[in-house]
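Enquirer: First the structure, then my questions, so here it is.
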Amino acid sequence: MRDRRLLFAILLGVIPLSQFPIDVYTPAIPEMVREFDTSTTLVQNTVSAYVLGMSLGLLPIGVIADAKGRKPTLLICLALLFAASIAIAFTTDIGVLLALRFVQGVGGCACMVIVYAIAADLFRGARLTSVSGWLGASWGLAPVVAPAIGGVIAQFVSWRGIFVLVAVLAALAALVVWRLLPETLTPEAASPIRPRAIARVLVSTLRRRVFVGLTLVFAVFASAQLLFGVVAPVLYQDVLGLSPLAYGFIALVVGAANLGGELATGTFATRLSSRTHGGVALALFTAGALVLALSGFLVGPDIVLITVGGILVMLGCGALCPLAYGLALGLFDRNLGLVGGLTSAVCYLFVAVTLGAAAVLPEADQTPIGLVYLGCAVVGGVLMALWLPRRRKEALSPASTAGPGSAST
């Protein structure tokens, strides 16, 4: 039991490194625009480049982790994250920065997909959903603390110091993983890299409509979650005139709401039905979307209303993302790196497209992002009505359906 607690503590420490490089430098976006002498849109697309690297790396890294083991794959990816972060800290070209952010995303994605695969190696059923919530809460620490940390560094050092910090954290995580993390993939559960078998697994997985539905729920609300971090710095700093430091502390408050939603999933996943849990979270999200859309139209840019709307949206996203991810991963008992990679890859491809489109949103007030969120609420609500379990004990178990395990054997 003590070893399992130590392992869980390591997972809680590693998973934020997939998200931290997205949020930590957002307060420095205006400074980077000036230093690179380029457009806001191009610098905002460095977020999309990272997310694209994540989305394209998740599936192959999941496959490698299923074949070669969780620990060695994670160590290699942490080394890649370290190297890319150091290179970013010294680059002077926006094109090189975009390329390095893509590479950084490939390294960072392992901190998500492998961590969840390890959790699925050890837990099943509602317990896995609960663990997914706690991991989501730790992942959610990144949007809580990262902008505040980045705001301080951008204010008193420079944006380059932010990426040195990412490199240091990657190195520390690699040291802990190397010394303390055991290998959780058993020899009998390992899946050799055979393209035809992998293709059969993918086809079998994608034929599961409930899996596709839950994955899309995850994608919709993860996109909404990350969208606020891209749009908010412009609203708070360029439109309302706040400093990077002030914006960082507001982002701390908004991000804490995201963390609260994820903690709620960790606490209530074993006590409430998924449909009840998801319905409350969707109601909070929709309320936040309405506050943003209507306040922008009726009042204009307002620090209190933008923050209140952001808090409600993040509460909903924080609860819905780990709920959907845990239910989707819990459908299977083998090829968990591949399945987790597929879930996350679909999600982050969706996120990359969303963030790329967000760069051209009007930035005069909060109405555009509020309208986008209302669209997310409608789409997400329909998907949840179709695919969330109705009762707390209703099983979405791997034993009851043909899944990747059978396809690969």
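Every number here is computed from the coordinates shown, using simple stated rules; none is lab data. Being a predicted model, the structure only gives us computed values, none of them experimental. Because the Cβ atoms are built from the backbone with ideal geometry, glycine has one as well, and the counts that use them run over all protein chains shown.
Enquirer: Please give, to one decimal in nm, the separation of the simple spin-label points placed at residue 157 and residue 178, each 7 Å out from Cα toward the Cβ.
Expert: Going by the 7 Å Cα→Cβ label model, 2.2 nm.
Enquirer: Another question, then. Report, in whole Å, the centroid distance computed from the Cα atoms of region 140-163 and region 1-67.
Expert: Region 140-163 and region 1-67 have Cα centres separated by 14 Å.
Enquirer: Only sites in a loop by DSSP and with at most 15 other Cβ atoms within 10 Å count here; which chymotrypsin sites (Phe, Trp or Tyr not before Pro) in region 148-256 make the cut? Show your work: numbers first, answer last.
Expert: On the way: sites: 156, 159, 163, 178, 211, 218, 221, 228, 236, 247, 249; in loops: none.
Of the chymotrypsin sites (Phe, Trp or Tyr not before Pro), not one in the loops of region 148-256 has a Cβ with at most 15 other Cβ atoms within 10 Å.
Enquirer: Taking the Cα-to-Cβ direction at residue 68 and at residue 12 and moving 7 Å from each Cα, how far apart do the two end points lie in nm?
Expert: 3.0 nm
Enquirer: Taking a spot 7 Å from the Cα of residue 39 along the direction of its beta carbon, which residues of region 352-376 have an amide N less than 16 Å from it?
Expert: 355-364
Enquirer: Let me ask another. Over the chain, what is the relative contact order in whole percent, taking alpha-carbon pairs under 8 Å and six or more residues apart? Working shown, then result.
Expert: Values: 797 pairs, mean separation 111.6, N = 409.
Result for the chain is 27 percent.
Enquirer: Between region 285-334 and region 357-390, how far is it from one alpha carbon centroid to the other, in angstrom?
Expert: 9 Å
Enquirer: What's the FRET efficiency of residue 186 with residue 243 using the Cβ-Cβ distance as r and R₀ = 45 Å, to the nearest 0.05?
Expert: Efficiency at R0 = 45 Å is approximately 0.30.
Enquirer: A follow-up question, please. Can you list the HN-Hα couplings for region 170-185, worked out from phi with the Karplus curve (6.51, -1.76, 1.60; θ = phi - 60°), rounded to whole Hz and with x for Gly and Pro?
Expert: Going residue by residue, I get 5, 5, 5, 4, 4, 5, 5, 4, 4, 8, 10, 7, x, 7, 9, 7 Hz, with x marking Gly and Pro.
Enquirer: Also, quick follow-up: Could you give the length gained by full extension between residue 96 and residue 303, i.e. 0.36 nm per residue of separation minus their alpha carbon distance, to one decimal place?
Expert: Numbers: separation 207, 0.36 × 207 = 74.52 nm, distance 3.50 nm.
Full extension of this stretch gives 71.0 nm more.
Enquirer: Longest exposed-loop-site-free stretch of the chain, with trypsin sites (Lys or Arg not before Pro), DSSP loop and at most 12 other Cβ within 10 Å? Each step should come with its number before you reach the end.
Expert: Working: sites that count: 207, 271, 390, 391, 393.
That would be 1-206.
Enquirer: Averaging sequence separations of C-alpha pairs under 8 Å and six or more residues apart, then dividing by the length of region 2-136, give the relative contact order as a whole percent.
Expert: Numbers: 132 pairs, mean separation 46.0, N = 135.
The value is 34 percent.
Enquirer: Please label the shape of the chain as rounded, prolate or oblate, based on the square roots a ≥ b ≥ c of the eigenvalues of the alpha-carbon gyration tensor (a/c under 1.5 means rounded; beyond that, a/b larger than b/c means prolate, else oblate).
Expert: Numbers: a/c = 1.82, a/b = 1.27, b/c = 1.44.
Oblate, because a/c is 1.5 or more while a/b does not exceed b/c.
Enquirer: In deg cm²/dmol, rounded to 500, what helix-only [θ] at 222 nm does the chain give when every DSSP H run of at least 4 residues adds -39500 (n - 2.57) and the total is split over its residues?
Expert: On the way: 17 runs with 319 residues, N = 409.
Only helices count here, giving -26500 deg cm²/dmol.
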